[in-house]
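Here is the structure we will look at, set down as structure tokens.
The values are calculated or read from the model by the stated rules, or taken from the named source; none is laboratory data. Computed from a predicted model, the values in this text were never measured in an experiment. Note that we place each Cβ from the backbone using ideal geometry, even for glycine, and neighbour counts take in every protein chain shown. Heavy atoms of the whole protein, side chains included, go into the accessibility calculation; ligands, DNA and RNA do not. Shrake-Rupley method; radii C 1.70, N 1.55, O 1.52, S 1.80 Å.
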Amino acid sequence: LFNRPVTAAEAPDYSNVVCKPMDSGTIERRGRDRLYKSADAFEADVQLVFANATLFNRDTPSHQVHLQAEALRQVFITNWAKAVEADAKQRAQCNGCPMAGSHHCCTVCGYQCMRRKPEVYRCNICSRYIVTKQDLYLAPDASWCCCELCHKKLPCTDVKPLLMEDLQKRNTGSGLFEEMVRCSMCRRYEHCACALYNPRAGSSGETYACCACRMQARHRGRDADAETEAVGVATLQHNVLSAFVEARVRARCTQALDDYARRHGAAAAAALNAGDLSVRVLASGNKIYDVPIIIWHMFRAGPGDDLPPAFDYTVKAIGLCARIDGVDVCVLIVYVYEYGADAPACNRKSVYVAYVDSVEYVYPDAVRSQLYQEVIGAYLEHARRLGFETAYLWSAPARQVGSYVWWQRPARMKAATSEHLRSFYNRIFKRCGEDDTTVESMRTNLYVAHF
């Protein structure tokens, strides 16, 4: 009832009574585009929706719209009070926080403490996830670990390629507290995660400038980013693949923003600029896959053709970064495996989009999905030009938190379902068909193709 603006056809004299119209749909769009500067502004708009409804129907208090507006107003007041109370508790001093004695609160989130999620480990022997507050045994370089139960079953001989005495016993813990960094200009504190600041990137906390100070410096004609010595995506070299995908993504972004601006206004689309997007190949290398005995016995490379004991492949990690408040943030990661002409027949000239993971930091969200799809579509076109003939996309959703590329994901993000992922990939195929960038494809799956 209150989700869209009131039209002149529904109430011809509405604009004569209500001076400032407001609806829930507009509030949702403003929140999604981050146009609210404070919680009070959000509360005022919600209250305005109900105030307008009761004002227009003031002569008929028994009208359905008037009654529903009053009822929803009371529900909102109750829930808002609970939210404010919970927020106040969160902002209260935390005895377990290392910053408790300093009483410094983050200027971004307003909280003093931020507890990070514990790292997720998976036993290399039984493949089970090691849950919080359990002991584990970790290799010195963190490349291998096992749970306590499997460690007890290990022989006293070498654990290839490690020695048992080299394994370090650790506890997964219940999470750590986020570090704080102090702005060298205004001397205020921010959580490193809130400020999108990496203390291990080589820059010193003494030369850090917060987002507010950087924006003020830009208005004054100074470049505060130079003072922070921030390490950005521009410092990473392009290659042929990243340059091709980046050009495609920026062109798609410009087109999507123009369409979004026509529907929702130029102000709503101003939160994103195509020039703020960057694509880089973050990792690339040749690997050798040693075929396990059980796989060698059960599978064939082709009719009457055994699998070789090992074969080569190339793995790449493609990252899409967006410049948000002066900081380059990686918002999408795509892992691909490439098998050349010398691979076994089952994988010859094939690419596997092995994993895709993203975070909801790019706005507007209607444009965000198109950008993510363009990254994958552009890679498929690049692979086709290199002579690859088949592409497989992994469409099974992650079942565990540890299955994601980024384990410190926003809490509001929900796990994708199989139907959602297939719909996402189908939109990619449709987009590729519109641009005529891929060969005519036959939709199938691994089971139908090889079993």
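Of everything in segment 16-31, what is at pLDDT 85 or above, open to solvent by 70 Å² or more (accessible area, probe 1.4 Å) and within 15 Å of L48 (Cα to Cα)? Give them in sequence order.
So in segment 16-31, the residues at pLDDT 85 or above come out as 16-28.
Keeping just the survivors that are open to solvent by 70 Å² or more (accessible area, probe 1.4 Å) gives 16, 19-21, 28.
Correct list: C19, K20, P21, E28.
I need the full set of residues from segment 311-329 which are open to solvent by less than 40 Å² (accessible area, probe 1.4 Å) and either farther than 22 Å from Y208 by Cβ or not β-branched (V, I, T) (or both), in order please.
Within segment 311-329, F311, Y313, T314, V315, K316, A317, I318, G319, L320, C321, A322, G326 meet the criteria.
Between a first residue in segment 289-310 that is assigned by the TED database to the domain that holds N347 and a second residue that is open to solvent by 90 Å² or more (accessible area, probe 1.4 Å) and aliphatic (A, V, I, L, M), which pairs have beta carbons less than 6 Å apart while being 6 or more apart in sequence or on different chains?
A310/I288
Would a scan of segment 17-24 turn up a residue that is charged (D, E, K, R) and more than 19 Å from L1 (Cβ to Cβ)?
No: segment 17-24 contains no residue that is charged (D, E, K, R) and more than 19 Å from L1 (Cβ to Cβ).
Among the residues of segment 331-360, write down those that are of a type outside the set (A, V, I, L, M), part of a strand (DSSP E or B) and at pLDDT 90 or above. Before you say what the answer is, go through the steps one by one.
Of all residues in segment 331-360, those of a type outside the set (A, V, I, L, M) come to 335, 337-340, 342, 344, 346-350, 352, 355, 357-358, 360.
Subset that is part of a strand (DSSP E or B): 335, 337-339, 350, 352, 355, 357-358.
Listed by number, the residues that qualify are Y335, Y337, E338, Y339, S350, Y352.
Residues to consider are D259, D225; find the one that is at pLDDT 85 or above, surrounded by fewer than 17 Cβ atoms within 10 Å (Cβ to Cβ) and under 27 Å from L332 (Cβ atoms).
D259
For every residue, the table says whether it meets (1) of a type outside the set (F, W, Y); (2) modelled with pLDDT of 80 or more; (3) surrounded by 13 or more Cβ atoms within 10 Å (Cβ to Cβ).
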{"site": "V362", "(1), (2), (3)": "yes, yes, yes"}
{"site": "A366", "(1), (2), (3)": "yes, yes, yes"}
{"site": "I376", "(1), (2), (3)": "yes, yes, yes"}
{"site": "Y379", "(1), (2), (3)": "no, yes, yes"}
{"site": "R384", "(1), (2), (3)": "yes, yes, yes"}
{"site": "Y404", "(1), (2), (3)": "no, no, yes"}
{"site": "E419", "(1), (2), (3)": "yes, yes, no"}
{"site": "D435", "(1), (2), (3)": "yes, no, yes"}
{"site": "H450", "(1), (2), (3)": "yes, no, no"}
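Of all residues in segment 303-327 being assigned to a loop (DSSP other than H, G, I, E, B) and over 18 Å from Y289 (Cα atoms), which is farthest from the chain's Cα centre (by Cα)?
By that ranking, first place goes to G304.
Can you go through Y129, Y121 and tell me which one is at pLDDT 75 or above and touching a Lys or Arg at 6+ places or on another chain (Cβ under 6 Å)?
Details: Y121 fails: touching a Lys or Arg at 6+ places or on another chain (Cβ under 6 Å).
Being at pLDDT 75 or above and touching a Lys or Arg at 6+ places or on another chain (Cβ under 6 Å) holds for just one of Y129, Y121, which is Y129.
Is there any pair linking a residue in segment 96-117 that is at positive phi and part of a loop (DSSP other than H, G, I, E, B) to one that is at pLDDT 75 or above and not polar (S, T, N, Q), with Cβ under 9 Å and at least six apart or on different chains, and which?
Pairs that qualify, where the first residue is at positive phi and part of a loop (DSSP other than H, G, I, E, B) and the partner is at pLDDT 75 or above and not polar (S, T, N, Q), are G110/D87.
Would you please name the residue that is nearest to A343 (Cα to Cα), looking only at residues in segment 305-326 that are touching an Asp or Glu at 6+ places or on another chain (Cβ under 7 Å) and aliphatic (A, V, I, L, M)?
A310
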